[in-house]
Amino acid sequence: MAKLLDSNVTGVLNVSSTLLAPASKPTNTESRVTSILTNNLTANIQTTLTMAATNVLSVTFNETGLYEIWAFISFGGNIKTTNAANLGMNVGFAGSATIGNIKYTAQGRANGVTVMPNLVSTGAQTAIIPNTAGNIANSTNNTDYLILAGVINITATGNINIQFGAANTTNANLNISSNSTVVYSKLG
């Protein structure tokens, strides 16, 4: 400021401006709460045969709308007979809630091989890992895993379970391990 006053400035500086402010404070008229629904297994579960789908990771939806799906599933196989090497995995979504539509995919490792099935557009049980020899590690340590990701539109409230089936007709068990988790986040 002193430097400006010391300089030889001549002329008139006119500043004319109007600052308009609202009569009252602005208020936020919109708030958004994000619903996040989760469940995780606290103990290992086991399913046998294709039709014996085990309903696990149940979540109750109290609101309709579009939700993002994210799940981490740790699993392995327990082959009971030498003829039961053809173990795969079916995944489905079912329950008392109404699914308007669903789209999801999976990525993971099964017996050291990358699993990346096509996009699934049904809640019905779908073979995520085909039932061919050696697809799932014969290990009760559950060293295989899947990450499920997608969206689900809930049009009527209720519960949704993830169903797992062993995807075979022989005497083999599919073991889903504890700490497998599902998370649904409401998008709209």
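Bear in mind these aren't lab numbers, they're just calculated from the coordinates by the rules spelled out. As the structure is a prediction and not an experimental result, all values here were calculated from the model. Methodologically, a virtual Cβ is constructed for each residue, glycine included, from the backbone with ideal geometry; neighbour enumeration extends over all protein chains shown.
Scoring 64-74, 114-124 by mean Cβ neighbours within 10 Å over their residues and listing the highest first yields 64-74, 114-124.
Label-to-label distance for Ile147 and Ala127 is 2.6 nm, based on points extended 7 Å past Cα in the beta-carbon direction. Using the Cβ-Cβ distance between Leu119 and Leu187 with R0 set to 22 Å, the FRET efficiency works out to roughly 0.80.
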